[in-house]
Amino acid sequence: MTRVVALGGGHGTAATLRAARRYATEITAIVSVADDGGSTGRLREQLDVVALGDLRKCLVALAAEGSVLARAFEHRFAEGDLAGHAVGNIVLAGMLEAAGGLVAGIDETAALLSAAGRVLPATVDRVALKAIGAGGEVNGQVAVSNAGRIERVSLVPEGCAPPDEAVGAIEAADQIVIGPGSLYTSVLAAAAVGPIARAISGARAQRVYVCNLRPQIPETEGYSVADHVAALERHGVAVDVVLWDPSMGMEVGEAGVRVVARPLASPSRPVHDPVRLAAALSDLLGSDGPCRHREGPADVDAGTGSTVG
């Protein structure tokens, strides 16, 4: 068994899940539910549910190959009262109500899609994202994504709880993959749940941070790899190794942890390629295995892209 946990949200974690399908035998996604924009934001207000959009993206990433239903989940209505809504968000909202609970509803939707893994919310509570930065306090994920020079994010209400299954998956994992994705509004929006961060810090698994290909403006404008790692550390999220693609021009800096350079970007557009990401992640797991928690300065191989040991 190779148990992989992916933490974050949105398109970044969906790419990680597509990568994990190539080498893992058991996959769990732990997904932020703090979004308040678009279809997700409207459903939150109308139905009093958690944010559904990132859950939908991750379910689709794990769906059976060639699934027409998965394609339908991503379809957005163009007209009428449902204009802008994704079909999958509507189905998820109905499944939560029919199943009588958040985790049960997501599990039933995963079964409907013949998903190759499990998707869990980072918290079962209906939460909002809050940030503190140079400009003061900012509330709501959309507002935070448009703020720069962020120091810390947290969830409101404080003390929100993850499902027990999420903490259990982290404790049983062989590899925990954090990111890629918006650092504060996806990755740390999931890791800001206290029991999640503590479980990661105490995990026996290999903890990998997949760094974004380039800074996200304005959220992480000017960030190096070291700045990303420092932000994780400020939120109590410890990692053992960072995967970084130097081709997009992001600087490394003094990361303080092992950094491995690999080609990760898609040849056709600036997003992580699941095939390349799978090769890099499986190589890391195969070369070092779980339970290693290496200490010491960063090791960088920006030439061949081979893992540095």
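The values are calculated or read from the model by the stated rules, or taken from the named source; none is laboratory data. Since the model is a prediction, treat every value here as computed from it, not as a measurement. Cβ: placed from backbone, ideal geometry, glycine included. Neighbour counts: every protein chain shown.
One line per residue, one yes/no per condition, for (1) out of contact with any Pro (no Cβ under 8 Å at 6 or more places or on another chain); (2) surrounded by 21 or more Cβ atoms within 10 Å (Cβ to Cβ); (3) of a type in the set (Lys, Arg); (4) at pLDDT below 95:
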| residue | (1), (2), (3), (4) |
| --- | --- |
| 4 | yes, yes, no, no |
| 7 | yes, yes, no, no |
| 10 | yes, yes, no, yes |
| 16 | no, yes, no, no |
| 19 | no, yes, no, no |
| 24 | yes, yes, no, no |
| 39 | yes, yes, no, yes |
| 50 | no, yes, no, yes |
query: Quick one: which of 242, 229, 237, 259 is within 30 Å of residue 128 (Cα to Cα), in contact (Cβ under 8 Å) with a residue 12 or more places away in the chain and assigned to a strand (DSSP E or B)?
result: 242
query: Restricting attention to segment 67-82, does a residue exist that is under 20 Å from the mean Cα position of the chain (by Cα), farther than 24 Å from residue 274 by Cα and either basic (Lys, Arg) or buried (at least 24 other Cβ atoms within 10 Å of the Cβ) (or both)?
result: no
field: Output for segment 110-124, where each listed residue is in contact with a Gly (Cβ under 9 Å, 6 or more places away or on another chain) and farther than 22 Å from residue 25 by Cβ
entry: 122, 124
- prompt: From the list 133, 117, which residue is closer than 20 Å to residue 37 by Cβ and either more than 17 Å from the chain's Cα centre (by Cα) or not polar (S, T, N, Q) (or both)?
  reply: 133
Within segment 67-83, tally of residues that are touching a residue at least 40 places away in the same chain (Cβ under 8 Å) and either assigned to a helix (DSSP H, G or I) or in contact with a strand residue (DSSP E or B) (Cβ under 6 Å, 6 or more places away or on another chain) (or both): 3
- prompt: So which strands (runs of 3 or more DSSP E) are wholly in segment 88-147 and hold at least 3 residues that are touching a residue at least 40 places away in the same chain (Cβ under 8 Å)?
  reply: 118-121, 128-133
message: With farther than 28 Å from residue 193 by Cα and of a type in the set (Asp, Glu) as the only criterion, which of 227, 245, 240 stands out?
response: 245
- request: Please determine, by comparing only the residues of segment 161-177 that are in contact with a strand residue (DSSP E or B) (Cβ under 9 Å, 6 or more places away or on another chain) and charged (D, E, K, R), which one is surrounded by the most Cβ atoms within 10 Å (Cβ to Cβ).
  value: 174
message: Just the residues that are surrounded by 22 or more Cβ atoms within 10 Å (Cβ to Cβ) and of a type outside the set (A, V, I, L, M, F, W, C), please, taken from segment 118-135.
response: 121, 123
- request: State yes or no: is residue 45 without any contact (Cβ under 8 Å) to a residue 24 or more places away in the chain, part of a helix (DSSP H, G or I) and among the acidic types (Asp, Glu)?
  value: yes
message: Can you say whether residue 111 is within 26 Å of residue 278 (Cβ to Cβ), buried (at least 21 other Cβ atoms within 10 Å of the Cβ), of a type in the set (A, V, I, L, M) and out of contact with any strand residue (DSSP E or B) (no Cβ under 7 Å at 6 or more places or on another chain), as far as the supplied structure shows?
response: no
task: Scan (1) in a loop (DSSP other than H, G, I, E, B); (2) crowded, with 18+ Cβ neighbours inside 10 Å; (3) not aliphatic (A, V, I, L, M) for the single condition residue 207 breaks and write down its number.
output: (1)
field: Scan of segment 149-160 for residues that are more than 17 Å from residue 187 (Cβ to Cβ) and either of a type outside the set (Gly, Ala, Ser) or surrounded by 15 or more Cβ atoms within 10 Å (Cβ to Cβ) (or both), ordered by number
entry: 149, 156, 157, 158
message: Regarding segment 161-183, can at least one residue be identified that is touching a residue at least 24 places away in the same chain (Cβ under 8 Å), assigned to a helix (DSSP H, G or I) and polar (S, T, N, Q)?
response: no
